[in-house]
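Below is one structure; the comments refer to it alone.
The values are calculated or read from the model by the stated rules, or taken from the named source; none is laboratory data. Computed from a prediction, not measured in an experiment: that's the story for all the values here. Reconstructed Cβ throughout: ideal geometry from the backbone, glycine too, with neighbour counts over all protein chains shown. Just the protein is used for accessible areas: all its heavy atoms, side chains included, with ligands, DNA and RNA removed. Shrake-Rupley method; radii C 1.70, N 1.55, O 1.52, S 1.80 Å.
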Amino acid sequence: MKSSLATCCLLAGASAHTIFTQLWVNDVAQGHTKGIRVPTYDGPITDVTSDDVICNGGQVPTLTVFTPVKAGDKLTAEWHHTLDSAGTGDAQDPIDKGHLGPVMVYMAKVDDALTTKVTGLKWFKIYQDGMDSKGQWAVSRLYNNKGKVDFTLPACVQSGQYLLRSELIALHGAANYPGAQLYMECAQLNVTNGGTATPPTVSFPGAYKGSDPGIKFQLYYPTPTAYKIPGPTPFIC
Ligand SMILES: *[C@@H]1O[C@H](CO)[C@@H](O)[C@H](O)[C@H]1NC(C)=O
Ligand SMILES: [Cu+2]
């Protein structure tokens, strides 16, 4: 714990972390933190066996809005260094450039997205991006795109309420476990125009192990030539 913190802050400056702060639906911004269970801090989760890995800490639902979406919609998760760093010229916004790793999105169907507990849910992955053949990381693409990651809400998912778990992993301290920095927030969705899919699911915690090659990973030397994104493969209709 202590060494991963030191690695983070030596390389990246104090508190060089990140938060998923806004959801876009079909290129329309839904509002800063609207419908997102945001934490009050921007720090990572490093224990993949902790309930904190579900939706970042013990967030209680404090928001009264859903982000309404239709199955098949284009969604965009927008990340920023802190809750209020957007547009401030913060050099570490949306994230420190040295925080390299994958970006993922999961969903879990719930009875009531406003009030649901985050434990005990069944998650399916709908998006992932890792390291490409040129060695560029998903987080670099996110950085270059001003914190935004586009993905599609699968058109066949059932209508109803969901938590959408938007996640990013920084691997600069991941040579030992715990060390990988997991960042995630959950948005509260009301999905309409859905289908009948029943995707295979995983649990959080449980989907990742400290020994997963995508969690315990040497980022620097030898220069990685491949990266196995942790968790299941994304569900496709
Ligand atoms: C979800 O959307 C449907 C269709 O627009 C609407 O009837 C329902 O009231 C919404 N549910 C919530 C909790 O907002
Ligand atoms: Cu950090």
Taking springs between alpha-carbon atoms closer than 10 angstrom, which of ASP112, ASP52, ASP132 fluctuates most in the Gaussian network model of the chain? ASP132
Starting from region 159-237, pick out the trypsin sites (Lys or Arg not before Pro) whose DSSP state is loop and whose Cβ has at most 10 other Cβ atoms within 10 Å. none
If each DSSP helix of 4+ residues adds -39,500 (n - 2.57) and the sum is divided by the residues in the chain, what number results at 222 nm, nearest 500 deg cm²/dmol? -2500 deg cm²/dmol
If I model a spin label as a point 7 Å beyond the Cα along the Cα-Cβ vector, how far apart are those points for ASN176 and LEU83 in nm? 3.4
Surpassing 28 Å at the alpha-carbon level, of the pairs LYS146/LYS228; LYS117/LYS228; LYS70/LYS148; LYS97/LYS228, are LYS117/LYS228
Note the full-extension length gain between SER211 and THR49 as 0.36 nm times their separation in residues minus their Cα-Cα distance, in nm to one decimal. 57.2 nm
I'd like the orientation of helix 2-12 relative to the chain: the angle between its Cα long axis and the longest Cα principal axis, in ° from 0 to 90, rounded to 10. 90
When ligands, DNA and RNA are left out and all protein chains stay put, how many square angstrom of accessible area per residue does the chain have with a 1.4 Å probe? 44
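For region 2-192, divide the Cα radius of gyration by the Kirkwood radius and give the resulting Rg/Rh value with two decimals.
Working: Rg = 15.7 Å, Rh = 16.6 Å.
Checking Rg against Rh, the ratio lands at 0.95.
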Under 1.5 on a/c is rounded, so check that first for region 134-183, then, if it is not, pick prolate when a/b is larger than b/c and oblate when it is not; a ≥ b ≥ c are the square roots of the alpha carbon gyration tensor eigenvalues. oblate
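Please give the peptides 24-31, 198-205, 170-177, 44-51 ranked by average Cβ packing (other Cβ atoms within 10 Å per residue), highest first, as a rough proxy for protection.
Ranking the peptides 24-31, 198-205, 170-177, 44-51 by packing returns 170-177, 44-51, 198-205, 24-31.
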Work out the length of the dipole vector of the chain about its Cα centre, built from +1 on the beta-carbon of each Lys and Arg and -1 on the beta-carbon of each Asp and Glu, and round it to the nearest 20 debye. 440
Over the chain, with every protein chain in place, what whole percent of the accessible area is carbon and sulfur at 1.4 Å, could you tell me? 55
